[in-house]
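One structure is given here, and the rest of the page talks about it.
The values are calculated or read from the model by the stated rules, or taken from the named source; none is laboratory data. Computed from a predicted structure; not experimentally measured. Cβ placement follows ideal geometry from the backbone for every residue including glycine, while neighbour counts extend to all protein chains displayed. The protein model used for the area step is the full one, side chains on, heavy atoms only, and it has no ligands, DNA or RNA in it. Shrake-Rupley method; radii C 1.70, N 1.55, O 1.52, S 1.80 Å.
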Amino acid sequence: MRAHLGDQLVVESPATGVTRRDGEIVGLHHEDGTPPYDVRWSDTDDVTLVFPGPDAHIRHVEHGQPGTSRASSRPDTGEARALSEAAPPPGTPNPGDIGRRVAVERHRHGLSREETARRARISSAYLAYLEEQPADPTMATLLSLAAALGTTVTALRGAGVDLPPGQGHALLRPQLRDLGPEECRRLLSTHGVGRIAVSTSDGRPAVVPVNYEIVEDTIVFRTAPDSVPAAAVGAEVAFEVDHVDEAMSRGWSVLAVGPASVVTEPDAVRGLVRSAHTEPWAGGARDMWVSIRPTRLTGRRITPADQ
């Protein structure tokens, strides 16, 4: 028995041949399409892991062979039909968000489109379309992409973006492990969004997110002279970055503590501008570069106890 994503699993009565239950195959556990399968049952809409018995068979749905890559990026007739059906209905909000989130996750894992498509068992041409054009992929495609990228359908759809992370259930046997300086540097490295803790001019504490870069083990970010992050200059501050895997209830955090100062040397400023990966998300005129040289670097990671 072999199946593709989107095929139907049909369970029949062995005596009468009448269909007792059927559902869409939305997840494959083996690359060759052999059981078991994740099946979304048509009568309940529940998804369960199924090891088909002798009373079950596959009803193949006509589609291109999944996981194949064509020499040309131009889709064939079957794929063109799939692409046209992928267009979002009128009024769909932010139709390109799924593709952007897929691309971000793919880059985060260092995966090419071809490798991601192979893991998700979809056409690389369709993945390119999904990342570059507004699209509304099927649940089967989303489940496959989420599994290939180590994330969830909810995350790819952007649900809960206005909610703080960490609302899932705690692990059954969690382990809180301290991180060494080298691992902290690795997690802090490159660039992203972190939070800086400062004391404002009126003496009150404040924590503000900023887009940051790492340059020779120094944390740097751009801000405006009259902004809250600018209050860091001339003081010892705390800077924190973290990542939460909502689906797996695990994550890590790194805390850097050290003095902050303004970067004033013209060549250094020009170098920072040239090498910056992103513009500050807050927008506006933010030309003041602040550097933090960590004197203390600590971190922690939550994992299952057996890892």
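Observations, loosely collected:
- Taking the criterion of being farther than 18 Å from Ile25 by Cβ and either in contact (Cβ under 8 Å) with a residue 40 or more places away in the chain or in contact with a strand residue (DSSP E or B) (Cβ under 8 Å, 6 or more places away or on another chain) (or both), the residues of region 109-125 that qualify are His109, Glu114, Ala117, Arg118, Ser124, Ala125.
- Criterion violated by Pro165 - all others in (1) touching an Asp or Glu at 6+ places or on another chain (Cβ under 6 Å); (2) under 21 Å from Thr298 (Cβ atoms); (3) free of Cβ contacts under 8 Å to residues at least 60 places away in the same chain satisfied: (3)
- Condition met for Glu79 (out of contact with any helix residue (DSSP H, G or I) (no Cβ under 6 Å at 6 or more places or on another chain) and at pLDDT below 70): yes
- Single match in Ala155, Ala170, Ala206, Ala120 (criterion: within 28 Å of Arg40 (Cα to Cα) and open to solvent by less than 40 Å² (accessible area, probe 1.4 Å)): Ala120
- Looking only at region 268-307, and only at residues there that are in contact with a Gly (Cβ under 8 Å, 6 or more places away or on another chain) and open to solvent by 30 Å² or more (accessible area, probe 1.4 Å), the one that is farthest from Gly258 (Cα to Cα): Ile302
- Every residue from region 250-283 that is part of a loop (DSSP other than H, G, I, E, B) and touching a His at 6+ places or on another chain (Cβ under 6 Å): His277
- Looking across Glu183, Glu131, Glu213, one residue alone is touching a strand residue (DSSP E or B) at 6+ places or on another chain (Cβ under 6 Å) and acidic (Asp, Glu). It is Glu213.
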